[in-house]
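Just below is one structure, and these are the notes that go with it.
Derivation of every value follows stated rules applied to the coordinates shown; laboratory data play no part. For clarity, every value in this text was computed on a predicted model and none was experimentally measured. Using ideal geometry, Cβ is built from the backbone for each residue, glycine included, and neighbour counts are taken over all protein chains shown.
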Amino acid sequence: MKVLVPCGGRSSRYPNQPPKWMLPAHDGRPMLALAVSRIKIAIEDVVVTILREHEDRYRVRAGLEAAFGQPIHVVVLEEPTRSQPETVAKTIEAIGLNEPFLVKDSDNMFVVDDVVQPTNYVCVDSLNNYDQINPRNKSYLQVDHRNVVTNIREKVVISDLFSVGGYSFLQPEQFLAYYRRLSQRTAEWQRELYISDIIGAMILDGIPFLARQITGYQDWGTITEWRRSLLSRKTYFVLLDGFVFDRGSEHFHPAFSEVTPNTAAVDAIKELVRREHTVIYLSIRSQAHAEVTERQLAAVGLPTTRVIYGCPISTWVLLSAAHPTLPFQTGHALELQPDDENLLGKLALEL
């Protein structure tokens, strides 16, 4: 089975930026790598379709190979397509596909097990599972008691079930036949053709689709969702000396090896880690104290990696620059007392 990731448009929902699927996430990986990271499929079976202009400008092939750690199948289109189904159709034709395939959106992530199934299917979730979601850019489904899809509509809320951007088709030639038929009628519709239109037409002709419930859905369809996702995970530069531990000295008592932890600060950092924020320690200690420092951190149950040693005793100023790919203020500072009984409450305002 192949997973087709169509990226044949110009990302109009992300103006004045590189294609959205190239944007770096919290850990530096491009959005596209995250989009397929929870799909249990071999990388060799992933096919990404891009535009020639993006390959020439951004060297996409080499970038994706670096992101995935191995070569990845890339189809290059000379011109932008008018719709996602057109991108999928051109991909099928370009690679001569003759096996089942899953169309996976490049701007979201979800978990689905056993992608190979003996039937066509649509990956779905319920609006009831989310507090914040944009309902206007989804397709919606109705199903019967066996989870067979009986109706699918684009951007019309006909039930709480919505497509999360994963569509499996057993027969590529069948998909192409319906695409060719429907693409001739799009001028009459005066709107874009969607995958949901292909599926809807197949259902009307008696071709069954199942609705498959997924987990772990994250949506980055617009710049608003991407910004919210990036802001959900912060990076905290935390002072070891005087905050995590009492302040020690290189030369006098108490030495760095003798200082005690500040319980409230340790608890606050544990909460940051639990919420999957990144914690980087700053220390006035020299690198020679790395071993004892790591033992001290481990003893209180804190991560022992990412310590920057040899920080001078001075005012620390973070300099950063605005960029379209970072749609938020990238830095500010908090100065808190490590023994503050309300430390977690104050940090909660930042979380």
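A compact table of results
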read-out: Mean separation of Cα contacts under 8 Å, 6 or more apart, over the residue count of the chain: relative contact order %; value: 15
read-out: Whole-number D in µm²/s for the stretch 234-348 (Stokes-Einstein; Kirkwood sum over Cα pairs; 25 °C, 0.890 mPa s); value: 162
read-out: Protection proxy ranking, peptides 121-133, 30-42, average beta carbon neighbours within 10 Å, highest first; value: 30-42, 121-133
read-out: Cα-only Debye scattering, the stretch 158-227: base-10 log of I(q)/I(0) at q = 0.16, 0.17, 0.21, 0.26 Å⁻¹; value: -0.74, -0.82, -1.07, -1.24
read-out: Loop GluC sites (Glu not before Pro), the stretch 23-61, which have at most 15 other Cβ atoms in a 10 Å radius of their Cβ (DSSP); value: none
read-out: Rounded tilt (10° steps) of 195-204 against the dominant C-alpha axis of the chain; value: 40
read-out: Student exercise, the chain dipole from Lys, Arg, Asp, Glu Cβ charges, in Debye to nearest 20; value: 780
read-out: Distance between the stretch 145-224 and the stretch 95-137 - C-alpha centres, whole angstrom; value: 10
read-out: Derived scalar couplings ³J(HN,Hα) [the stretch 225-242; Karplus, 6.51 cos²θ - 1.76 cosθ + 1.60; whole Hz; x for Gly, Pro]; value: 5, 5, 4, 4, 5, 5, 6, 6, 10, 9, 10, 10, 8, 10, 6, 6, 8, x
read-out: Point-to-point label distance, PHE328-TRP316, nm (Cα→Cβ direction, 7 Å offset); value: 2.0
read-out: Cα Rg, Dmax, the stretch 1-135, angstrom units; value: 14.9, 43
read-out: ILE308-LYS40 FRET efficiency (beta carbon distance; Förster radius 41 Å; 0.05 resolution); value: 0.65
read-out: In degrees, nearest ten, helix 172-183 long axis to first principal axis of the chain (Cα); value: 80
read-out: For the stretch 68-110, fraction of C-alpha pairs farther apart than 17 Å, in %; value: 42
read-out: Whole-angstrom Cα spans of the stretch 126-197 along principal axes, big to small; value: 38, 29, 18
read-out: Cα-based Lys proximity count in the chain, under 15 Å, for pairs eight or more positions apart or on separate chains; value: 9
read-out: Residue-averaged [θ]222 nm for the chain, counting only DSSP H segments that reach four residues, each worth -39500 (n - 2.57); value: -8000 deg cm²/dmol
read-out: Total charge dipole magnitude, the stretch 244-323, about the Cα centre, Cβ charges on Lys, Arg, Asp, Glu only, Debye to nearest 20; value: 180
read-out: Loop-resident sites, the stretch 273-351, for GluC sites (Glu not before Pro), counting at most 16 other Cβ within 10 Å (DSSP); value: GLU276, GLU335, GLU341, GLU350
read-out: Karplus-derived 3J(HN,Hα), 6.51/-1.76/1.60, for each residue of the stretch 107-117, Hz, glycine and proline x; value: 10, 7, 9, 7, 9, 9, 8, 6, 5, 7, 10
read-out: Hydrodynamic radius of the chain per Kirkwood, over alpha carbon pairs, in Å; value: 23.3
read-out: Ellipsoid semi-axes in whole angstrom, largest first, where each is sqrt(5λ) of the Cα gyration tensor of the stretch 94-136; value: 27, 14, 9
read-out: Table column - 3J(HN,Hα) (Hz), the stretch 276-286, Karplus curve with 6.51, -1.76, 1.60, x for Gly and Pro; value: 6, 7, 8, 10, 10, 8, 10, 9, 7, 5, 7
